[in-house]
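Engineer: Next up is a structure, given as structure tokens.
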Amino acid sequence: MTDQSLPTDAQIAAALASVAARPQVTEIYFVACGGSYSIMMPVQYAVDRHGKTIAGHALNAGEFVARNPARLGATSVVILCSHSGTTPETVEAARFARAKGALTIALTTIPGSPLDQAVEFPVYYRHAPKTFGADHSPAVLARLTFGILGLRDGCVLAPKLDTALAKLPAIVDQAIAAHSDRIAAWAEAHKRETVIYMMGAGANHATAYSYAICIFQEMQWIHSAAIHSDEYFHGPFEVTDFDVPFVILRGMGPSRVMDDRAIAFASKFSDRTTVLCAEEMGLGAIDVAIVDQVEHMAFGTILRVYADKLADSRGHPLTVRRYMWKMDY
């Protein structure tokens with residue numbers, strides 16, 4: 001366990017120094033549950049896009065242990081995340097990975113938590129879901145991932161990532177301000193919906209997944225599913241009708257063509273299609289080489305503002321639960 005007094009930047013640097021000291025690194029496992037798992041998917045996307053000798057795998061923590069990957073060992077880096085540091089499956093996964101000889105790094109907000117103590121390198125992040133910062137969990141994950149790819153795989157995008165992360169707070173704040181009336185209108189129009197589908201592609205599919213399971217299902221008890229923009233045409237589009245709501249995330253990266261196809265079809269047959277466009281939100285100011293790695297962070301932040309307004313309109317606070325934290329499960 002590292003010094004708890006170290007700031008986030010120093011903790012990231014310490015973790016990366018340990019990665020650099022490893023004789024060999026062949027894969028990174030990104031392991032978590034729920035909303036923490038959803039932010040692991042974009043960094044797997046990053047490794048898929050830019051890793052030449054390193055593979056990336058995002059796995060639910062329980063599945064990671066049950067699957068027991070044959071490659072897991074001394075050449076593996078395992079990055080885990082739990083907001084509280086107490087998620088049992090994630091703590092078990094950290095101990096499991098460390099016992100296999102993997103280098104373990106954990107993101108959490110609670111120093112001294114079980115997850116903190118289970119890994120070699122904890123990194124503490126700041127949680128402020130309606131704002132954005134380079135010390136927030138998705139940004140910290142990206143900095144770790146591109147740091148590893150730079151150290152071990154020759155990827156040169158880390159400086160571009162840092163520049164993008166520095167620009168994002170102002171872009172996000174401006175987008176939220178510009179969407180104020182739209183957010184209020186959307187919340188009122190959707191406050192009685194029993195089902196709302198999310199859609200996106202590339203790294204943005206992870207944000208769609210997070211919003212579907214954490215906001216709609218968990219926090220608002222609204223039926224939902226995260227549909228990949230291309231998978232939409234391989235079954236899910238059959239549920240499309242004039243009164244079926246969709247929220248579609250339109251990115252600026254190579255997956256945008258799939259988003260546009262989905263938007264064109266859904267908008268033709270559903271009067272309840274809402275499109276959030278990265279370009280319209282101001283992401284055009286981000287270098288095209290890195291924009292597909294950070295736009296999901298902007299979407300995630302602005303969608304949380306949508307979520308808060310929806311909760312107000314429904315009279316159902318985001319903190320209300322039926323089962324979670326209230327019983328053994």
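Computed from the coordinates by the stated procedures, all read-outs in this text should not be read as laboratory data. Treat the numbers as computed from the prediction; the structure is a model and nothing was measured. Here Cβ is always computed from backbone atoms with ideal geometry, including for glycine, and neighbour counts include all displayed protein chains.
Engineer: Which order do the peptides 89-95, 177-183, 28-34, 50-56 come out in when sorted by mean C-beta neighbours inside 10 angstrom, highest first?
Structural biologist: Those peptides, ordered most packed to least, come out 28-34, 89-95, 50-56, 177-183.
Engineer: Could you sort 187-199, 133-145 so that the peptide with the highest average Cβ count within 10 Å comes first and the rest follow in order?
Structural biologist: Top to bottom by mean Cβ count within 10 Å: 133-145, 187-199.
Engineer: Under the Karplus relation 6.51 cos²θ - 1.76 cosθ + 1.60, θ = phi - 60°, what is the ordered set of whole-Hz ³J(HN,Hα) values for segment 175-182, x standing for Gly and Pro?
Structural biologist: With coefficients 6.51, -1.76 and 1.60, one gets 5, 4, 4, 5, 8, 3, 5, 5 Hz.
Engineer: Going by the alpha-carbon gyration tensor, a ≥ b ≥ c the square roots of its eigenvalues, is segment 160-314 rounded (a/c under 1.5) or, if a/c is not under 1.5, prolate (a/b greater than b/c) versus oblate?
Structural biologist: In terms of gyration-tensor shape, oblate.
Engineer: I've got another one for you. Farthest toward the dipole's positive end in segment 135-239, which of Ser224, Ile213, Leu168, given Cβ charges of +1 (Lys, Arg) and -1 (Asp, Glu) about the Cα centre?
Structural biologist: Among Ser224, Ile213, Leu168, the one farthest towards the positive end of the dipole of segment 135-239 is Leu168.
Engineer: So, one more: Which ³J(HN,Hα) values, rounded to whole Hz and listed in residue order, are derived for segment 218-232 from phi using the Karplus coefficients 6.51, -1.76 and 1.60 in 6.51 cos²θ - 1.76 cosθ + 1.60 with θ = phi - 60°, glycine and proline given as x?
Structural biologist: Result, ordered by residue: 6, 8, 10, 6, 9, 5, 7, 7, 9, 10, 5, 4, 8, 5, 3 Hz.
Engineer: Sequence gap at least 6, Cα distance under 8 Å: using those rules, report the relative contact order of segment 188-324 to the nearest whole percent.
Structural biologist: The normalised contact order for segment 188-324 reaches 28 percent.
Engineer: Treating cross-link reach as a plain straight distance, find the lysines whose alpha-carbon is under 28 Å from the alpha-carbon of Lys130, omitting any fewer than eight places away in the same chain.
Structural biologist: Answer for Lys130, where 28 Å is the Cα cut-off: Lys160, Lys167, Lys191, Lys309, Lys326, listed by chain and number.
Engineer: Using modelled backbone amide H atoms (1.01 Å from N, in-plane), which distant-in-sequence or interchain residues come within less than 5 Å of His136's amide H?
Structural biologist: Close amide H contacts, sequence-distant or interchain: Arg126.
Engineer: Tell me the angle of helix 256-269 to the major Cα principal axis of the chain, expressed in degrees between 0 and 90 and rounded to the nearest ten.
Structural biologist: Approximately 30 degrees, to the nearest 10.
Engineer: Springs between alpha-carbon pairs under 10 angstrom, Gaussian network model over the chain: which of Arg304, Arg152, Arg49 fluctuates most?
Structural biologist: The residue with the greatest mean-square fluctuation here is Arg49.
Engineer: While we're looking at this one, here's another question. Can you give the relative contact order of the chain as a percent, counting alpha carbon pairs under 8 Å and 6+ residues apart?
Structural biologist: 17
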